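Let me begin by presenting the structure, written as structure tokens, before commenting on it.
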Amino acid sequence: MELSVQHINQSADDNSLLIAYQESLDQNILATLFLRYNDLIFGTCMKYLKDEDASQDAVMDIYQELVQKLPQHKVENFKSWLYVVTKNHCLMQLRKDKKTPTVEFDGQFMQSEDFSHLDNVLEKEKHLQSLESCIEALNDEQKKSIQLFYLENKCYNEIADITGIEWNKVRSLIQNGRRNLKICMEKNG
């Protein structure tokens, strides 16, 4: 599919737009491609920078990076490559601000070419926070038994030895604790 600079096909796939941009260096083509992922870029920036203004600035900086990098790089999958550029930009920004060390990230090793896996990570994090608060809400014996059984992989006998609680009561505490956790988690959505 050939795209002319005068007529940008909004429904063209990423690869076609990318090739057209690399051949023409027309900013309108790059802008069309970039705007498809603007929200995802901003969301990724928010995840790392945790500041709306800094994230908006980062989105603009990333666009400028694309202007410089795209003519020089062979990009197989624009969306994955853009995610790596975005993440590395944010990590470098944090490093400049001396908030956290950075780790080099290579896009070849991404499990998914889709940003949707980020939603799964955020959902799991929310679920784990809810689980932690539900564990804290258990009575002390249930909490200790649940933590030893599920988090430290101890068997009933080991829990009985550690806590001094009878084996049958340990079993009951774990069963009741699990039921109470389920109820708490359902209340929390």
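Per-residue 3J(HN,Hα) values for the stretch 90-95, derived from phi via the Karplus relation 6.51 cos²θ - 1.76 cosθ + 1.60 with θ = phi - 60°, read 5, 5, 5, 4, 5, 5 Hz in sequence order (x marks Gly and Pro). Given R0 = 45 Å, the distance between the Cβ atoms of residue 57 and residue 185 translates into a calculated FRET efficiency of 0.70.
Coupling constants for the stretch 51-56 follow from the phi torsions by the Karplus curve (6.51 cos²θ - 1.76 cosθ + 1.60, θ = phi - 60°), and in residue order they are 8, 5, 5, 4, 5, 5 Hz; glycine and proline get x.
Kindly put 140, 161 in sequence by how many other C-beta atoms sit within 10 Å of each C-beta, fewest to most.
Details: 140 7, 161 13.
The fewest-first ordering by Cβ neighbours comes to 140, 161.
Sorted fewest first by neighbouring Cβ atoms within 10 angstrom, 171, 179 come out as 179, 171.
Within the stretch 32-83, which GluC sites (Glu not before Pro) sit in a loop by DSSP and count at most 15 neighbouring Cβ atoms inside 10 Å?
Working: sites: 52, 65, 76; in loops: 76.
Those that pass, being in a loop and sparsely packed, are 76.
The relative contact order of the stretch 116-187, computed from alpha carbon pairs under 8 Å that lie at least 6 residues apart in sequence, is 35 percent. Shown is the FRET efficiency for residue 15 and residue 128, computed with R0 = 41 Å from the Cβ-Cβ distance and rounded to the nearest 0.05: 0.65. Applied to the stretch 71-83, the Karplus parametrisation 6.51 cos²θ - 1.76 cosθ + 1.60 on θ = phi - 60° returns per-residue 3J(HN,Hα) values of x, 9, 10, 8, 10, 7, 10, 4, 4, 5, 4, 4, 4 Hz, with x for Gly and Pro.
Ranked for footprinting exposure by Cβ neighbours inside 10 Å, fewest first, 79, 187, 50 give 187, 50, 79.
None of the figures in this text is laboratory data; all of them are computed from the coordinates on show. For clarity, every value in this text was computed on a predicted model and none was experimentally measured. Cβ atoms come from the backbone with ideal geometry, glycine included; neighbour counts cover every protein chain shown.
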